[in-house]
Amino acid sequence: MPPRNSELPEGTDHIVQGAARTRSTDTETGFVGGASRGDDTGGAASGDFGAATQRLKAQVRDSAQLLKGQAGEKVREYAVDGKGRAVGALDEFSRAVNDAAGSIDEKLGAEYGKYARSAADAVSGFADSLRNKDVDELYDDARNLVRNSPAVAIGIAAAVGFAVVRLVKAGLDDAKQDEEGAPPRVTSAKRTKTPEA
């Protein structure tokens, strides 16, 4: 280790070449732009640094607020789009059940057809209530449901999660088969062992 230069402050071994001095040096310590000891150079530099820090903090805060607002708008757009898709799917499901009620009448009896029609009406009513509510109202309803009956909310979340995983897995399997050029597999048919030749 090189010998310590006695003119430098404690903890400093050497002067870094290329370091520029733009302000006068404090004669007692050798620091450039340090705390003010009566001259205005150190205090002004410190004040400029504090003002720059405050401007930077304000700029970061404003940028964060802007990003938060943009993210909120995007989430709202996705929620409105998802609500529209859910209402459309529920309406379609209701129509399908209502159409199937006629064949249920013929095959199983009028009583079961009546159950199918009441189920279709319930789904249609639910779709109408979704259609007529704002996204914020739906969010508040969901929050109240979780507060009032957390066990039901956990059950619903588990069922929705299971359904989403199954849909994603089925979509990934279909995409993989499309890439391989294989015909789509039938998932509802039972597999049977083929005799070995």
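Values quoted throughout were computed directly from the atomic coordinates according to the rules given, and no laboratory measurement underlies them. Keep in mind it's a predicted model, so treat the numbers as computed, not measured.
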Derived scalar couplings ³J(HN,Hα) [segment 68-81; Karplus, 6.51 cos²θ - 1.76 cosθ + 1.60; whole Hz; x for Gly, Pro]: 4, x, 5, 5, x, 5, 5, 4, 4, 4, 5, 5, 5, 5
Under Karplus coefficients 6.51, -1.76 and 1.60, residue-wise ³J(HN,Hα) of segment 104-120 in Hz, glycine/proline x: 5, 4, 5, 8, 10, x, 5, 5, 5, x, 5, 4, 5, 5, 5, 5, 5
³J(HN,Hα), Karplus 6.51/-1.76/1.60, whole Hz, each residue of segment 150-159, x for Gly, Pro: x, 5, 5, 4, 5, x, 5, 4, 5, 5
